[in-house]
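Working notes, structure below.
What follows draws every value from the coordinates through simple rules; no lab data is involved. None of these values were measured; they are calculated from a predicted model. Backbone-built Cβ (ideal geometry, glycine too); neighbour counts: all protein chains shown.
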2 protein chains.
Amino acid sequence: MVGALDFLERARILARNLPEMQSNLNFPWLIYNAYKTMVRRNVNMEKLKDDYFLTNISRRQSAHLQKFPDTKLINLGIGDTTMPIPKSITSSMVERADALSTIEGYSGYGPEQGEKALKDAIANTFYGDLGIKSSEVFISDGSQTDISRLQLLLGSSVSIAVQDPSYPAYVDTGVVVGQTNVFQESEGKYGNIEYMKCFADNDFFPDLSTASRTDIIFFCSPNNPTGSTATREQLAQLVEFSRKNGSIIVYDAAYAAYISDDCPRSIFEIPGAKEVAIEISSFSKFAGFTGVRLGWTVVPSELLYSNGFPVIKDFDRLVCTCSNGTSNISQAGGLACLSPEGLKSIQTIIDFYKENARLIIEIFTSLGFKAYGGKNAPYVWVHFPGKRSWDVFTEILEKAHIVTIPGSGFGPCGQGYIRFSSFARREDIIEASWRLKNLYS
Amino acid sequence: MVGALDFLERARILARNLPEMQSNLNFPWLIYNAYKTMVRRNVNMEKLKDDYFLTNISRRQSAHLQKFPDTKLINLGIGDTTMPIPKSITSSMVERADALSTIEGYSGYGPEQGEKALKDAIANTFYGDLGIKSSEVFISDGSQTDISRLQLLLGSSVSIAVQDPSYPAYVDTGVVVGQTNVFQESEGKYGNIEYMKCFADNDFFPDLSTASRTDIIFFCSPNNPTGSTATREQLAQLVEFSRKNGSIIVYDAAYAAYISDDCPRSIFEIPGAKEVAIEISSFSKFAGFTGVRLGWTVVPSELLYSNGFPVIKDFDRLVCTCSNGTSNISQAGGLACLSPEGLKSIQTIIDFYKENARLIIEIFTSLGFKAYGGKNAPYVWVHFPGKRSWDVFTEILEKAHIVTIPGSGFGPCGQGYIRFSSFARREDIIEASWRLKNLYS
């Protein structure tokens, strides 16, 4: 076979990879005698820290359950919804699924960008007065997918900023597409990312007067993990900052439905935002669709690259290249969420989770801790001064059998904090309150 | 605001981008007075040809319908399934969707890699004797997503080979992640991709003795678009070629269920393949899930990068970073497909589409054309010697009101061919036969 490599050529390629192989000699997974391909591991994947910290928490949780099999573990950790989806919404999915077994009701590929009826409903419900068009809405199977797709769109050459602390997906997908340098253990940061510090003293809103310019600013409000929500004035500052710098804001509004005061629910409420912002959102925390999978992204046609090319044209092309659309059954569910009846029943669930959040704040306040967030968000962010997050996590897990999230997993500024999720059943919140009182009073 | 750019700094950044802006001055979308960000368009997106050709076909189809509103257009174009999903399968989805409205039946986030029951069922049903473990199966919302995810995994530094012709997603996603050079109009190819010629004379299997070594080989069998299926002997050659070159095969088995002779249904039937291959597959064409969205990827733990690091570890990390799992309702449907009853009912539909393919072959053979594929695949690949694919496409659309796919869209070697899809209703196939007979006899 002429095309195949001869022995010498193969030896040459192996030699090229030798330094890399040697540097890994002490890795436990290296099986010396095994056949290896000659494909080099992606340097970006190599940069990515081994443990996605939420996976790490799952492991700790499983280990704890093995150690204490008779304990009732309460999960206030990952933001996983627990309340059933209102019947009017599941009925729509039932109907759609059932129709797929009939000649008249069967449908195959839908538009990659999503079904028009759902896009229309999203544009009307969430952006009715803001001038966002249905064609600027792209349906997906969730925000996590959209974040990685946006990163693929933007590519390796852009610089990014994130709130510190923030949801790890922005940083991790940035590492994967090659926007960052290696992780610096001493600082708990990847190189070439602007970490915008958010802590109690600045009301969890970054000091933009000291922030460096980046091409992209990931901004999540209501914030995960701090639960803080940017005011209209703060978001106006952010938009002004972006316009001056020619940056693009990727605005994560996944928790917007939890806002009950005057804070904006969409970045597009701020004048001038359409020329500098993309908004991603989701049915997960809004309607309990964490398992059903449905989200959306808004890319305004006014948003242009430096050469004048519309970002929406590239995003459309990318969506058509990387996906074949979102499940038609999930989309039927999404549409039902946005009917008057659907919206009303969803609000009941949101109110329920928010009452949970209020109870969590109450217990910690009564114990003398500072507890933030929870008002416009399903997360409560509690400060344990002088302690390290993972130590507090371990203490609460081992002594109160409650799973939480160590704040340091969201960025260096999360050190000393713990995130409590309110997506639990009421009896679990009450039981957790007792246990925490026992532990800390 | 100190952090924001002053006028001079902004002018400097704009100047840097000026050559790019000037080169685009004649673009129709350039709105001179509009605000532009200072974010440069991703060079990889710039390389990507504007028209995803399947989108182009949709446009042509819509235009034709506008021109001839009273015509019954028959779609033998994109491979979109038309037969309803068997009731036993939709019932499972109905049940799962309905249960989401109850406390006991509700479930939120599932494992990013997919539900264990479905992974077990896939491992048993498709890889029972081949030693593929459930933990090596990753569930997704379809092959298109998996292809782009694999490309993100492999990164911009790898070299790739594709069959010519082949499904455009391999090439397009390669362009997006930065593996290729610009598109060369004269050749109809992107630079830095090995296009492995497949035509009638080589039985649509590439001549590996003349193929250059690449890191990655995308290989689809039964092939889309040619409908040809690699034999056991041919796949053994491919595996040997990859082992000698240290390459990784990304094997697309989306049409494997259509094989009814001795051709392998999985690359893992070939000894030694686990150390050089990844397999992607889908419920779309197997069970009519084009709209429901469900697929899977197998990454054997034996597959190692040149430094000995297991590919599966990086893929697992990437799946957890870029997704929050696949719709639980779709997964319930997938599980039902793999029950004895589900498999039996699906086979009836596959046989139906294959009978359609046989009818398409019959009509073209009777008209004196050479028609390939169709035997182990839902696609028939018809040669129109001396003609250009888009001309034939236009002729068939305008004169017979049938939508097809021009072969040249799948690669330069597809020139002069047309792909006919058998995913149509029987009456449409029969009507199309009459029209084609009228046109070509």
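Of the DSSP beta bridges with both residues in chain B, give the percent that are antiparallel, rounding to the nearest 5. Walk me through the numbers before you get to the answer.
Details: 22 of 41 bridges.
Approximately 55 percent, going by the DSSP bridge assignments.
Taking the DSSP bridge list for the protein assembly as shown and keeping only pairs wholly inside it, about 55 percent are antiparallel. Once the Cβ-Cβ distance of B:ARG426 and B:GLU362 is raised to the sixth power relative to R0 = 22 Å, the FRET efficiency obtained is 0.95. In whole Å, what is the distance between the alpha-carbon centres of segment B:346-377 and segment B:30-80? So the two Cα centres are separated by 30 Å. For chain A, the relative contact order comes to 21 percent (Cα pairs under 8 Å, sequence separation of at least 6).
Under the membrane-span-like helix rule (DSSP H runs whose alpha carbons stretch at least 18 Å along the helix axis, mean Kyte-Doolittle hydropathy 0.0 or higher), chain B yields B:340-366. Among residues other than A:THR226 with Cβ under 11 Å from its Cβ, the summed charge is -1 (Lys and Arg +1, Asp and Glu -1). Among residues other than B:TYR190 with Cβ under 10 Å from its Cβ, the summed charge is +1 (Lys and Arg +1, Asp and Glu -1).
Starting from the label point of B:LYS437 at 7 Å along Cα→Cβ, the same points in the other copies fall at 8.5 nm, in ascending order. Identify all aspartates and glutamates with a Cα-Cα distance to B:LYS285 below 16 Å; exclude those on the same chain that are fewer than 8 residues away in sequence. Excluding near neighbours in sequence, the set is B:ASP80, B:ASP141, B:ASP146, B:ASP252, B:ASP351, B:GLU355.
Find the Rg to Rh ratio for chain B, where Rh is the Kirkwood radius over alpha-carbon pairs and Rg uses the same atoms.
We get a ratio of 1.00 for chain B.
For segment A:187-274, what does the alpha-carbon gyration tensor say about shape, rounded, prolate or oblate, given a ≥ b ≥ c as the root eigenvalues, a/c under 1.5 as rounded, and a/b over b/c as prolate? Verdict is oblate for segment A:187-274.
Shape verdict for segment B:137-198, please, from the Cα gyration tensor: rounded (a/c under 1.5), prolate (a/b greater than b/c) or oblate.
Here segment B:137-198 falls in the prolate category.
Sorting the Cα pairs of the protein assembly as shown by distance into bins of 10 Å, from 0 upward, gives 2, 12, 22, 25, 21, 12, 4, 1, 0, 0 percent per bin.
Taking each of A:LYS197/A:LYS399; A:LYS87/A:LYS344; A:LYS387/A:LYS437; B:LYS274/B:LYS375; A:LYS313/B:LYS36; A:LYS36/B:LYS133 in turn, the alpha-carbon distance tops 23 angstrom for A:LYS197/A:LYS399; B:LYS274/B:LYS375. Counting from the shortest, the label point at A:ASN202, 7 Å from Cα toward Cβ, is 5.9 nm from the same position in each remaining copy. Shown for A:SER58: label points 7 Å from Cα along the beta-carbon vector, and their distances to the equivalent points in the other copies, 3.3 nm in ascending order.
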